[in-house]
Structures are given as structure tokens and as C-alpha cells.
Amino acid sequence: MNLQSVFLKWLCVASLLLLSALAPLQAKEAALSAEDPLVEKRLIHISEELRCMVCQNESLASSRAELANDLREEVRKLIREDKSDSQIKDYLVDRYGDFVLYKPEVKPLTWVLWFGPFLLLITAVMGMAYYLRQRQSVQASQTVLSDEDRSKVQEILKSGDSP
């Protein structure tokens with residue numbers, strides 16, 4: 001072994017030791033939960049039915065976005081004010097719209113959310129069927145070579161000359 005490889009090994013070992021010594025400094029303290037476990041349990045139940053407005057594909061309960069933290073605090077405040085679950089959801093819908101709910105009510109304003117994907121799928125299937133029919137008719141309408149034309153092509157191919 002040469003001196004350079006020994007030095008690199010010791011440098012790697014020293015780096016690993018330093019990183020492992022600094023690892024506890026990176027750990028963060030767990031976020032404090034509400035003083036009342038009933039409030040926290042109700043918050044979790046409600047926030048699982050709400051959508052994070054930042055992440056949009058996560059529930060409010062599982063999101064770690066800053067807005068989600070603010071919304072959870074708002075929900076905690078409303079729970080402490082003895083608002084019912086439906087009152088809390090109505091408040092958030094009034095403030096952020098129906099999109100905040102994971103399962104919005106079926107009403108004219110939310111028809112696009114409920115039926116839009118199905119209409120899009122039906123439109124795509126109809127478009128594909130139209131395309132395939134059109135492609136099939138174009139292929140069928142292509143002229144078929146006569147026997148005379150085929151023999152000319154065969155002669156050209158055999159001779160290797162250009163027409």
C-alpha cells in the first residue's frame with residue numbers, strides 16, 4: 001500500500017467519526033401536541049378528511065407543509081371553541097372552497113371534480129376509436145398493385161437499376 005491510499009482510508013474513518021459525532025446535533029425535538037388528547041384525536045379525525053392546499057395529494061393530517069401546520073392550528077382553535085366537525089368543515093370550505101375536502105359533496109359546483117375524469121376517459125376512448133377507424137379506412141383505400149405493376153417492381157428489384 002502506498003502512502004496516499006493509507007491517508008485516504010484514515011481520512012474516510014475520521015470523516016465518518018466526525019459525522020457520527022455531529023448526528024445528534026441534527027436531530028430535532030418532536031413537535032408538541034395539544035395539551036388535551038381528545039382535541040388531538042378529533043383534530044386527526046377531521047384533518048384526515050381535509051386536503052392540504054399546498055401538497056394537494058396529501059391529507060392535512062399527513063402533510064408537513066407550513067400552511068398545513070397553520071390549518072391544523074386553526075382546526076385546534078375551532079375544536080376548543082366547541083365547533084362541530086361539520087361546522088369546522090363548512091368554515092374551511094367557505095374559506096378555501098370545495099377542493100379542501102377529500103370527498104366534496106356532489107353538487108353543480110363539484111360536478112367537474114366528480115365526473116370530469118370519467119368524461120375525459122370517455123372522450124379519450126371515443127377519440128381513439130375514431131382515429132383507429134380513420135386509419136383503417138385509409139389503409140383499405142390504398143391502391144393495390146396490379147399484376148403488371150408487381151412484375152415491373154420485381155424486374156426493377158432484380159436488376160438493381162433505378163427506374
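The values are calculated or read from the model by the stated rules, or taken from the named source; none is laboratory data. Owing to the predicted nature of the structure, the values given are computational and were not obtained by experimental measurement. Here Cβ is always computed from backbone atoms with ideal geometry, including for glycine, and neighbour counts include all displayed protein chains.
I'd like to check something: does the range 133-141 contain any residue that is free of Cβ contacts under 8 Å to residues at least 60 places away in the same chain, part of a helix (DSSP H, G or I), hydrophobic (A, V, I, L, M, F, W, C) and within 20 Å of residue 42 (Cα to Cα)?
The answer is no; no qualifying residue exists.
For the range 108-119, which positions are surrounded by 10 or more Cβ atoms within 10 Å (Cβ to Cβ) and either farther than 21 Å from residue 59 by Cα or of a type in the set (Val, Ile, Thr) (or both)?
Once the filter is applied, which keeps residues that are surrounded by 10 or more Cβ atoms within 10 Å (Cβ to Cβ) and either farther than 21 Å from residue 59 by Cα or of a type in the set (Val, Ile, Thr) (or both), the range 108-119 yields 109, 110, 111, 112, 115, 116, 119.
For the structure I just gave you, tell me whether residue 152 is part of a loop (DSSP other than H, G, I, E, B) and either surrounded by 10 or more Cβ atoms within 10 Å (Cβ to Cβ) or charged (D, E, K, R) (or both).
The answer is no for residue 152.
Would you call residue 16 among the hydrophobic types (A, V, I, L, M, F, W, C), modelled with pLDDT of 85 or more and part of a helix (DSSP H, G or I)?
no
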